[in-house]
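A short write-up of the structure that comes next.
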Amino acid sequence: MKEEHGHRPGKKTYKYGMVIDLDKCTGCGACMVACMAENNISFRKDETNKLVSNFWMRVYKITNGRSFPDTDVCYIPRPCMHCEGHGHHHHTPCVSVCPACATDYDHETGIVSQIYTRCFGCRYCMAACPYHARVFNWWDPSWPKGMEKYLSPDVSPRMRGVVEKCTFCHHRLQRARNKTYSEGRREIREDEYQTACTQACPAGAITFGDLKNPEHKVHKLVEEGKKKKIAFRLLEKLGTNPKVYYVSTKDWVQKAADVYLGEEGKPVTHA
Amino acid sequence: MKLDRRGFIQFSLGAGAGITLSPLPWKLTDDFSIWTQNWPWTPVPRTGEVTHVNTVSKHCGSGITLRKVGDRATKIEGRKGYPVNDGGISIQTAADLQLLYGPWRVPGPLRRVGKRGSGHWENISWEKAIGDVVQKLSDLRRKGKSHTVACILGSDRGTVPQLFSRFLKAYGSPNFIRTASCDDTYELAMSLMQGAAASVAYDLEHAKYILSFGCGLIEGWGSTVRVIKAHSIWRSGNLKERATLVQIEPRLSNTAAKADQWYPINPGTEGALALGLAHVIIKKSLYHTDFVENHTFGFEDWTDDSGRRHIGFKRLVLKKYSPNAVSRITGLSAKKIVRLATAFAKADRPIAVWGRGKGTTSGSLYECMAVHALNALVGNINKIGGVSTLPEVATETWPKVDQDHIARTGSGMPRIDGAGGSRYPFTRYLPERWPQIVNGHKACLIEALLVHEADPYYTTLDSAAVARAFDRIPFVVSFSTLMDETAYHADLILPNPHYLERWEDAPTPTGLQVPILGLVRPVVSPQFDTRHAGDVILTIAKRLGGVVGDAFPWEDYETVLKETIGDKWDTLEEAGYIEEADYTPPVWENAFATASGKFEFYITAFEQAGMKINKDLQCLPHYEPAQPEGNPATYPLILIPVELTRLANGAVGNPPFCMKTLEETELKKNDLFIEVNPKTAAKYRLSEGQDTMLETPRGKARVLVHLFEGIMPGVIAIPKGLGHTAYDDYLAGKGVNTNSLMGVTEDPISGLSATWGIRAKLTRV
């Protein structure tokens, strides 16, 4: 078999991914704020235009489009899907279009990286991403006086003109690697590498881990979800092969995730 | 040389290939990326030694872990293993570092210069600031006006609120006021029905059928993380093991969206529905016979010592609240009422919970009692998965205050809010009532007001009346950490350190069924020139001297805290909390400290307190239609303020990160959206995003329309927590403060605010 790009032969590979239980998600937004705090994400006085608002993790609110009192609402947290793609025709949509090699798919971890210093802001990746997971810095970040004090040295603040996105808290993986190395171990334990949103979620709706490792909770949840036919991914038909799985017992939510149009000409409405 | 077509193409392709293969494009791309990036002006966060320290969040009582780099706090995370939240974190706490380091902080003691509310301040020393307060208070005391001093706090539990309360006692004023919450009504209901003067505790983790009367369980009722965690427990396990959540509310809130069943009913008719359910439960004999027969009073008709017949709860409910009658009031079909009642009563571990939204309003006493009566009917009082009273970890009691003549006279004066008087003997605080009393008197009723961890200027109903009342108070002192509305309209600000910079105890979070005492400790060095409110009160008392000074024998606040915790201090300091995990509420035989020694459907305490009782109905949970303020002809719609998870609407403003998470259908630039059902919108020719004037009898505001199928036709919803005027541009000037549109509807028996909405009209602009 032909070795895939970036994959060192003989090296153990991981496939980090997420399972989000939409039955448990309450739409509280703690994941969004935890993400912003963890990753030095900037903010401005007016953040009401969501087209230019900077979110790595965004919770969408969708409705079933039915009228009162049969209306229902579901919240869908959306980090970067870290699409794996498969075969020759389906590759990570953003990686294949980047002219600056600023984003790459790491076959060792399954994480789609973003290198801010390489990015020159053409935004092809944003156009290519079917999940709106990428955001552009239209302005230089600025923090009100005193607030720079809380910035974390683990994630470099970005500047105007570059694209950024969820990295599955890659710096936490590096931290975990350092820790295992310093303790003379080779394997990172499941609890040693968790994303900020996973950790923050008060509902425990987000589970993170190695999808390939049968010992990890994510693996079990995906298997169980597939068996019960309640696990799905967003826009699965595009063949992007995302590594973020969702679980919902609600039929309309599962259909909406694949942008199911219901009756012809009657789109699913997004509240 | 002639260039033909073939030659041109060959040349172009050759040039293209040549350039591509040369380093030129790659070098240019690289340079371009460097040229376009002006990295030097993005901050480079300093590195340093990484440490983790634990403390407790003052917002929700959750345990938190601070990740520090050097002396900087860089992240707040939920503390793993802490009994309330075990690792999870609430959205507001997660954004707390923005408040700690942000420009909203009051930098040091400030004295107003210029007009009140003009925002002009002078920096003064702590010595002078405290001197000002002492001067004012000692003058008032000397003049025999000690009772005109009032304190408004957000809580009355814990050592700091207790210091304020003790101060007033020694100084000579009855006016300790706690800002509104559902605790006001719950404490009353629990004291009347169960004889326990404490708020409610719900064993949500073990309940299997949760019937919520408008509680914003997911929005942040009680301790946010704890309730959301309980919701996840309800959703775990196989379908048989899963609990059922039923939400009764006119709007599809987050809680309603997460519920298994959502029953929208006419707003304000929750009490009627509870009694309708009671009717079905009693009629079908589905109630807990042992509890109702042996441990309750007033269920059946009874005869008192003088031989007078009284009607019982059973007869009242059977007579007046048939499913058909209740259906007419609530708008819910009789069939659904019967089905709901049966499911509730037959469920394993059912629980009925009450308290609108996040529990930041008081509400109707009879409605609360009607809902609590359902808990009695299914016999879940003090049971696993049931209801009990909020327990506290026992601490050392303080020495008695030796009052002098002034203190005794002053404390014995009637309260300015009218609570505890002959009209409302059972009510402890009437936080929504004092502004109208102050405004209604010619004389100056409050000479000095001290405000701590509360923002009454913003959170009290009927903003215009509150502003007028503030204008009539000559001396307002705020202890606020942040420049909130009350601080902005104060004469003096004595800033308290942020909770990450100070010591304090955190009593059991609201609604929790296990006694927990958390320790708030300084984990960050003080960022500004602040002083602990506890220490400031001690200093003021000592400087006033006499009995006031004698009432505070402690050297400083830390000594107060340590001595209050007593023997448990070492455990508390080491673990960061004390949890009495094996606590169980008393068994039914010893549970009720009422006159009858039982759970009382019929409240005997009213008559004992000398209240005039004309008919039995007054002493029984019943439904009194509370018409919202306003004339239906002029104001055809009903406006209900709603609370959102991502929008803090209490004493602390919403941090920038949380503002960012608001939906695009909630706020657009500086305009907020109201939710309108498409049917209502069609009637008034309104479309999505329409610029509209919203008018109520109390005020008007420009808003945008969001069409939402999740709101009942004829009802419009407006989010609480916006319309700030203080803080800064990240929060101020956005949207409308709902309190400016609302009035106070007094509950007849408690005097508390029973406001849940107001009549309104919409006009296109």
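The values are calculated or read from the model by the stated rules, or taken from the named source; none is laboratory data. Everything quoted here is computed from the prediction, not taken from an experiment. Cβ: placed from backbone, ideal geometry, glycine included. Neighbour counts: every protein chain shown. The protein model used for the area step is the full one, side chains on, heavy atoms only, and it has no ligands, DNA or RNA in it. Shrake-Rupley method; radii C 1.70, N 1.55, O 1.52, S 1.80 Å.
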Which residues, if any, in the range B:66-89 have at least 40 Å² less accessible area in the whole protein complex than in the isolated chain, probe 1.4 Å?
-> B:R67, B:R72, B:T74, B:K75, B:E77, B:I89
Is the shape of the range B:24-121 best called rounded, prolate or oblate, per the rule: a/c under 1.5 gives rounded, else a/b larger than b/c gives prolate, else oblate, with a ≥ b ≥ c the square roots of the Cα gyration tensor eigenvalues?
-> oblate
At least 50 Å² accessible surface lost relative to isolated chain, residues of the range B:640-670 (1.4 Å probe) = B:R646, B:F657, B:K660, B:E663, B:E664
So, relative contact order of chain B in percent, Cα under 8 Å, 6 or more apart, is 17 percent
Solvent-accessible area of B:Y684 with every protein chain in place, 1.4 Å probe, in Å² to the nearest 10 | 60 Å²
Taking both sides together, what accessible area is buried at the B/A interface, probe 1.4 Å, expressed in Å² and rounded to the nearest 100?
-> 6100 Å²
Taking the Cα-to-Cβ direction at A:K50 and at B:Q627 and moving 7 Å from each Cα, how far apart do the two end points lie in nm?
-> 4.1 nm
Report, in debye and to the nearest 20, how large the dipole of chain B comes out about its Cα centre when Lys and Arg carry +1 and Asp and Glu carry -1 on their Cβ.
-> 2460 debye
DSSP-assigned coil residues among trypsin sites (Lys or Arg not before Pro) in the range B:628-684, each with at most 13 further Cβ atoms within 10 Å = B:K669
Restrict the search to the range B:23-109; then list the chymotrypsin sites (Phe, Trp or Tyr not before Pro) that DSSP places in a loop and that have at most 14 other Cβ atoms within 10 Å of their Cβ.
-> none
Calculate the spin-label point distance for B:D348 paired with B:I613, positioning each point 7 Å from the Cα along the beta-carbon direction, and give it in nanometres.
-> 4.0 nm
With a 1.4 Å probe and all protein chains in place, put B:K615, B:K346 in order of accessible area, largest first.
-> B:K346, B:K615
Three-way shape label, the range B:305-403, alpha-carbon gyration tensor, a/c 1.5 = prolate
Above 19 angstrom, tally the Cα pairs of the range B:637-764 and express them as a % of all pairs, no decimals.
-> 48 percent
Residue span B:I34 to B:R309: 0.36 nm per residue of separation minus Cα-Cα distance leaves a gain in nm of 89.9 nm
Within chain A, what's the longest stretch lacking GluC sites (Glu not before Pro) that sit in DSSP loops with no more than 15 other Cβ atoms inside 10 Å?
-> A:5-107
Full extension between B:K669 and B:D402 adds, at 0.36 nm per residue less the Cα distance, a length in nm of 90.5 nm
Accessible-area loss of at least 40 Å² in the complex relative to the chain alone (1.4 Å probe) applies, within the range A:12-34, to A:D23, A:K24, A:T26, A:C28, A:V33
Carbon + sulfur, % of accessible area of the range A:16-257 - ligands and nucleic acids excluded, 1.4 Å | 52 percent
3J(HN,Hα) from dihedral phi, the range B:244-260, Karplus parametrisation 6.51/-1.76/1.60, rounded to Hz, x for glycine, proline = 10, 10, 10, 10, 10, 5, x, 10, 6, 7, 4, 5, 4, 5, 8, 6, 6
Reciprocal mean inverse distance between Cα atoms of the range A:16-257 - Kirkwood radius, Å = 18.9 Å
Residues whose built amide H sits under 5 Å from the amide H of B:F297, excluding neighbours closer than 5 in sequence, are B:F599, B:E600, B:F601, B:Y602
Protein accessible area in the range B:488-591, 1.4 Å probe - carbon and sulfur % | 46 percent
Accessible area per residue of the protein assembly as shown at 1.4 Å probe, in Å²?
-> 40 Å²
Which far-off residues, 5 or more places away or on another chain, put their amide H under 5 Å from the one on B:N382, with H placed in the peptide plane?
-> B:V387, B:S388
The range B:292-347: relative contact order from alpha carbon pairs under 8 Å, six or more residues apart, as a whole percent, is 19 percent
Expected 222 nm ellipticity per residue - DSSP helices of 4 or more, -39500 (n - 2.57), all of the protein assembly as shown, to 500 | -8000 deg cm²/dmol
1/(1 + (r/R0)^6) with r = Cβ-Cβ of B:D260 and B:S525, R0 = 45 Å, i.e. FRET efficiency to nearest 0.05, evaluates to 0.40
Percent RCO, i.e. relative contact order, over the range B:672-765, from Cα pairs under 8 Å lying at least 6 residues apart = 33 percent
Membrane-span-like helices in chain B: DSSP H runs reaching 15 Å or more (Cα, own axis), mean Kyte hydropathy at least 0.0?
-> B:5-21, B:159-171, B:224-234, B:270-283, B:334-346, B:365-377, B:533-544
Percent of accessible area on the range B:637-764 owned by carbon and sulfur, 1.4 Å probe?
-> 49 percent
Rounded, prolate or oblate: which fits chain B, taking a ≥ b ≥ c as square roots of the Cα gyration tensor eigenvalues, rounded meaning a/c under 1.5, else prolate when a/b beats b/c?
-> oblate
Round to the nearest 10 and report in Å² the accessible area of A:R160, as given by a 1.4 Å probe over the protein chains' heavy atoms.
-> 90 Å²
Grab the eigenvalues of the alpha-carbon gyration tensor for the protein assembly as shown, scale each by 5, take roots, and send me the semi-axes largest first in whole angstrom.
-> 51, 35, 28
Under the Karplus relation with 6.51, -1.76 and 1.60 and θ = phi - 60°, whole-Hz ³J(HN,Hα) for the range B:105-112, x at Gly and Pro, equal 5, 7, x, x, x, 10, 10, 5
Can you list the GluC sites (Glu not before Pro) in the range B:198-277 that are in a DSSP coil and have 12 or fewer other beta carbons within 10 angstrom?
-> B:E241
Using a 1.4 Å probe and ignoring any ligands, DNA or RNA, find the accessible area of A:C31 and quote it in Å² to the nearest 10.
-> 10 Å²
Interchain or long-range residues, amide H under 5 Å from B:I716's placed H | B:I638, B:L639, B:I640
